[in-house]
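Each remark here refers to the structure printed beneath this line.
The values are calculated or read from the model by the stated rules, or taken from the named source; none is laboratory data. Here the structure is a predicted model, which means the values were calculated and not measured. Cβ: placed from backbone, ideal geometry, glycine included. Neighbour counts: every protein chain shown.
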Protein chains: 2
Amino acid sequence: MSDGPRAAAGTICPLPALAHTHVLLGHGSGGKLTSELIEQLFLPAFRNPLLEKLDDHAVFSVDPSSDLRIAFTTDSFVVNPIFFPGGDIGQLAVNGTVNDLAMAGAEPLYLSAGFILEEGFPMDDLRRVVLSMADASARAGVAIATGDTKVVQRGKADGLFINTTGVGAIRRPETISAWNARPGDRVLVSGPIGEHGMAIMLARGALDMEVELASDTAPLASLVQAMLGATAGIHCLKDPTRGGVATVLNEIAQHSGVGIVVEEEQVPVRDEVRGACEILGIDPLYVANEGKLLALVAPEAAPAVLAAMRAHPDGQEAALIGVVTDKPRGRVLLRTPWGGLRVLDMLVGDPLPRIC
Amino acid sequence: MSDGPRAAAGTICPLPALAHTHVLLGHGSGGKLTSELIEQLFLPAFRNPLLEKLDDHAVFSVDPSSDLRIAFTTDSFVVNPIFFPGGDIGQLAVNGTVNDLAMAGAEPLYLSAGFILEEGFPMDDLRRVVLSMADASARAGVAIATGDTKVVQRGKADGLFINTTGVGAIRRPETISAWNARPGDRVLVSGPIGEHGMAIMLARGALDMEVELASDTAPLASLVQAMLGATAGIHCLKDPTRGGVATVLNEIAQHSGVGIVVEEEQVPVRDEVRGACEILGIDPLYVANEGKLLALVAPEAAPAVLAAMRAHPDGQEAALIGVVTDKPRGRVLLRTPWGGLRVLDMLVGDPLPRIC
C-alpha cells in the first residue's frame, strides 16, 4: 500500500489521484487494478479498522459479554453465461459467499439475496436459478433470510445479477487471516485448480474442442471445519476465485509481509484444464476456482491438515504446493520444473471478465 | 397468500405456476407484482421462518446465552439518474439500508457495499458516489465493513448499481414487525410524503416546471431510538419507500390481519409535491419516500410517540393520519375530505421505475 491512503487515515479527503479516468474491465478482475481501486478510493473514503484488513470478510463482535464473533461478507455475481457446465449463477452466488465466510473459520448461518433483473428476463430461467440457490443453501446449511428484487429496463442490465451477503459465527479463538502467514508455513491447496474459469470459457464457446470440463463450485465450510478440528496452526485460508492462486498468494504475501515460493510441479491441474489453458494462452495459476481453498499452516500442523483434507470428500486431491519464506517480502516466486525461480505477479488486466 | 406456497412448506417443489412468462418492470415496483414474485417463487423456494415474515429485515439470535438479537437486511440500488436534487445513489444506498435496520428497532452497526460498474463509467462520478456513501455512513454511525466490486462490459449495466446489506443490534425486548398491528393502533407518519419520488421525476426532466423539490433521503435510526425511548407500545415501523404509504399500509394490513383507515386530509404533503403529482397524474400516497417512517402504535402511546417525533429534527412535521380497525381485514380504506370511504389498494404496475 502506498503512503497516500495511510496519510489520509481518519479523514475522507483528500483522496489520492486515481490512475484511470474511467472504469476498466480490469477493475473487476480481482487483480492489480481491483487492488488499486480499493487502495486509492474505497479504503481512504470508508477507512475503518475492519475494512483496513482487506480480507474478503469483516469480523466483529456484537456482544462484549460473549466470545462469539461474527463474520460478514458480500459478493455480487455477474457471471456470463448464467448457466454453465457444473453450475449456474445461483449456485455460485450461494457457494461464493458461504466460502468467504468459511475462509474466516466461520460457520455460515444466514445469507441475503439481492436480485437485479433485466425487464424481459425469462421467468423459467429465474425459477431455475432460484431453485438452484435453494438447493445450494440446503447443502451448505444456510438459510436465505432476507432479500430484495429490482428490475431495470431492457438493455440496462445483462439478464440477471445477484448479490449475496453472508453472516457467520466464529466460535473458535484463532484468528484466521491473510495477515497471519509466517515464514516456514506450508502452502496447501485443496484440489486441482482452474476448473471454474475454464468451464466458463467452454460455455462461452471460446474453446473449439470436445472436452469434459465442469465448474468446481462447491461449499467449503464443511471441509474447513474438518481442517480446524484436526489441529491448531491454521494461519490463513483463502479461496482462489478471481485472479486465481497466483493473485491470492500475492495478497497474502503483501499483507503478511512474507515471501511465498510455489513449486509449479506440485500444483494439481487436470489435463483437460491444462489443455484448455494452453489453447487460450492462460496460466492456470491465474484462473478462477469456486470450490477450492488455499491453507497456510504451521509446518508441524501441515501433515495433520493435509490428512484431514484428503479424508474429506471436498479435499481428496489436496496437495502441498509451497512454503512461506521471510524474503522477498510481499512477493511470490514460482519454482519451475527446470529448477528456475521466477516472480509470480498478481493478475494484470482481465483475460476472463465476468467469471463470477 | 394463496394456499399453494403454504402447502409446499419444507419442500422446494412443486412451485406454483407463475403468472408471467417474463420479468416485467412492475416486478421491481415494490407493489403487487413484487409481492406475487415473492409469494410464488422466492418464498416457496427458500422457505424458512425468517423469510416467511416478509419483513424488510430478518431478525435472529447468534448466541443463545445472550438476549441480543441481530437484524439483517439487504437492498440493491438502481436509481436513475444516479445524481438527483437532494442526494445521489450512494447516500440512498447507505440511508436505505440503515432505515431498514432502524425499522426493526435495531441500532445499525455495519454495512457491506457491493458495486456493479459498467465499463467506461467516469471515475470522478464513482469518487463522488463513494464520498457521499462515506459521508452518509458517518452521519448514520455505521461502518462500511466489507465490499465487492464487479465490472461488466459497456451496455451490460447502466453506469452503477450498488447493493448494501446491513447488520444491526436489537437491544430491546419488543418485537416490532408488520405482523404486530392491532385494532385501535394509531397510524403516525414522520413528515410530508412523496418528496423522493418527485425529486427523481424532476431529475429525469419529467416535470416541465420550475419547482423546489429535493429527495428526503435521511437516516432514521436516531428518530426511531428517540421514539422507542419515549414509551412502550410501538407495534410496527415501516419506511414507505417503493410503492409509497398506500402499498406499505396494505402490507401491514395483510400481515397483521387488520383494517386501516387513513384520513386523507391529515396526510402531510408539501404543495410542490402535490402540484408535481397532479401534473403527472400520480397519487402522492403511492410515491416513494426515503427519509420518512410510518409508526403503528397503541392508542395510549400515540401522544408520547408523536411528541417524541416532533421533538426530533427528522420528525418535526409528524402527523396522526389514521387508525387500525378490526375490519375489513387486510384492506386499507381512505376517508376523503368529503367524508367518503374508498379502498386504497397496493401499487399495481410501476409508474416510477428505478426510483431507488
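Descriptive notes on the structure:
- Leading residue by the ranking (nearest to the chain's Cα centre (by Cα)) among those in the range A:14-23 that are free of Cβ contacts under 8 Å to residues at least 24 places away in the same chain and assigned to a loop (DSSP other than H, G, I, E, B): A:Val23
- Candidates B:Arg354, B:Arg329, B:Arg342 - the one that is surrounded by fewer than 16 Cβ atoms within 10 Å (Cβ to Cβ) and farther than 24 Å from B:Trp179 by Cβ: B:Arg342
- For B:Val98, the test of being in a loop (DSSP other than H, G, I, E, B), hydrophobic (A, V, I, L, M, F, W, C) and touching a strand residue (DSSP E or B) at 6+ places or on another chain (Cβ under 9 Å) is failed.
- Only listed residue being more than 9 Å from every other protein chain (Cβ to nearest Cβ), within 21 Å of B:Cys356 (Cβ to Cβ), surrounded by fewer than 24 Cβ atoms within 10 Å (Cβ to Cβ) and touching a strand residue (DSSP E or B) at 6+ places or on another chain (Cβ under 9 Å), chosen from A:Arg182, A:Arg186, A:Arg154, A:Arg171: A:Arg154
- Residue among A:Val62, A:Val151 that alone is among the hydrophobic types (A, V, I, L, M, F, W, C), outside the structural domain of A:Ala288 (by TED's automatic domain parsing), in a loop (DSSP other than H, G, I, E, B) and over 19 Å from the mean Cα position of the chain (by Cα): A:Val62
- Any chance B:Arg128 is surrounded by fewer than 20 Cβ atoms within 10 Å (Cβ to Cβ) and in contact (Cβ under 8 Å) with a residue 60 or more places away in the chain: no
- Residues of the range A:104-120 classified as assigned to a strand (DSSP E or B) and closer than 30 Å to A:Pro173 by Cβ, total: 6
- Flag for B:Gly30 being modelled with pLDDT of 65 or more, in a loop (DSSP other than H, G, I, E, B) and at positive phi: yes
- Only one of the numbered conditions (1) surrounded by 23 or more Cβ atoms within 10 Å (Cβ to Cβ); (2) on the phi > 0 side of the Ramachandran plot is violated by B:Ala318, and that is (2).
- Looking only at residues of the range B:237-254 that are within 21 Å of B:Arg329 (Cβ to Cβ) and among the polar types (S, T, N, Q), we find that the one that is surrounded by the most Cβ atoms within 10 Å (Cβ to Cβ) is B:Thr247.
- Residue match in the range A:161-170 (condition: farther than 30 Å from B:Asp63 by Cα and either touching a helix residue (DSSP H, G or I) at 6+ places or on another chain (Cβ under 9 Å) or not aliphatic (A, V, I, L, M) (or both)): yes
- Residue among A:Ile116, A:Ile89, A:Ile82 that is among the aliphatic types (A, V, I, L, M) and at the interface with chain B (Cβ under 10 Å from one of its Cβ atoms): A:Ile116
- Taken as a whole, the condition of being in contact with a Phe, Trp or Tyr (Cβ under 6 Å, 6 or more places away or on another chain) and closer than 24 Å to B:Asp239 by Cβ applies to B:Ala145.
- Taken over the range A:54-73, residues that are hydroxyl-bearing (Ser, Thr, Tyr) and more than 7 Å from every other protein chain (Cβ to nearest Cβ) amount to 1.
- Of the candidates A:Leu188, A:Leu223, A:Leu237, A:Leu213, the single residue that is more than 18 Å from the chain's Cα centre (by Cα) and either assigned to a strand (DSSP E or B) or touching a residue at least 40 places away in the same chain (Cβ under 8 Å) (or both) is A:Leu213.
- Test: B:Gly197 is part of a strand (DSSP E or B) and surrounded by 22 or more Cβ atoms within 10 Å (Cβ to Cβ): no
- Verdict on B:Ser112 being of a type outside the set (Phe, Trp, Tyr), touching a strand residue (DSSP E or B) at 6+ places or on another chain (Cβ under 8 Å) and farther than 24 Å from B:Leu54 by Cβ: no
- One residue alone among A:Val94, A:Val79 is aliphatic (A, V, I, L, M) and within 22 Å of B:Pro49 (Cβ to Cβ), and that residue is A:Val94.
- Filtered residue count, the range A:130-144, keeping only those that are under 19 Å from B:Thr165 (Cβ atoms) and either within 7 Å of chain B (Cβ to nearest Cβ) or part of a helix (DSSP H, G or I) (or both): 7
- The number of residues in the range A:243-292 that are in contact with a strand residue (DSSP E or B) (Cβ under 9 Å, 6 or more places away or on another chain) and acidic (Asp, Glu) comes to 5.
- The range B:58-78 residues that are within 30 Å of A:Lys150 (Cβ to Cβ) and buried (at least 24 other Cβ atoms within 10 Å of the Cβ), paired with ones that are of a type in the set (Ser, Thr, Tyr) and modelled with pLDDT under 95 (beta carbon under 9 Å, 6 or more apart): B:Ile70/B:Ser61
- Count of the range A:237-258 residues, restricted to those that are touching a helix residue (DSSP H, G or I) at 6+ places or on another chain (Cβ under 6 Å) and on the phi < 0 side of the Ramachandran plot, is 5.
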